[in-house]
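This report concerns only the one structure given below.
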Amino acid sequence: RGVDLRATCPGWLPATLYAGYSNNLSAEASVVFPPAGKENETWTVGVELGDKKRYVQIGAAYAYLEANAFPSMFVESDFYDGQTNRKGWMVNGTRQLFSNTDLVVTAFLSKAIDNALPAYEDSVSASHRLRLQADLLVKF
């Protein structure tokens, strides 16, 4: 079950606010590590400001993905490294270079949510990430 909300404000400084929430209703608490709980929720909140055609569009988002919210094979690899039990920030800037070409620079800062329980040892090792990514997007 999931919910996604988005509101856009046009004008001299266009702004878009967005939020998303999802809950894995089939998740169950661990039999081996009962203190871990269901760990079945994920949510994201973010904002985008500006116009990529006139100047630049900047955005920031905070995301929180508990251990059993999604199967890890469907998890974003740039931000979460394809793992669950992660939280962090994404900050980006976009500039349209030509009518069909955008330059996007994004920084991902993420780390593990829980690291005190043995149940999370696999997702905690080397879990602090700072990734800088530059994309040149061309539409055909």
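The values are calculated or read from the model by the stated rules, or taken from the named source; none is laboratory data. Note that this is a predicted model, so its numbers are computed, not measured. Here the Cβ is made from the backbone with ideal geometry for all residues, glycine too, and neighbour counts use every protein chain on show. Heads up: the accessible areas ignore ligands, DNA and RNA and are worked out on the full protein's heavy atoms, side chains in. Shrake-Rupley method; radii C 1.70, N 1.55, O 1.52, S 1.80 Å.
Kirkwood radius and radius of gyration were both taken over the C-alpha atoms of region 11-97, and their ratio Rg/Rh is 1.13.
Rolling a 1.4 Å probe over the protein chains gives Leu49 an accessible area of about 60 Å². Each other residue within a Cβ distance under 15 Å of Tyr55 adds +1 if Lys or Arg and -1 if Asp or Glu, for a net charge of +1.
Show Lys139, Lys87 ordered by accessible area, largest first, where the area counts protein heavy atoms only and the probe is 1.4 Å.
Heavy-atom accessible area, descending, gives Lys139, Lys87.
Each residue, Ala134 and Glu76, gets one label point 7 Å from its Cα in the Cβ direction; the gap between the two is 2.1 nm.
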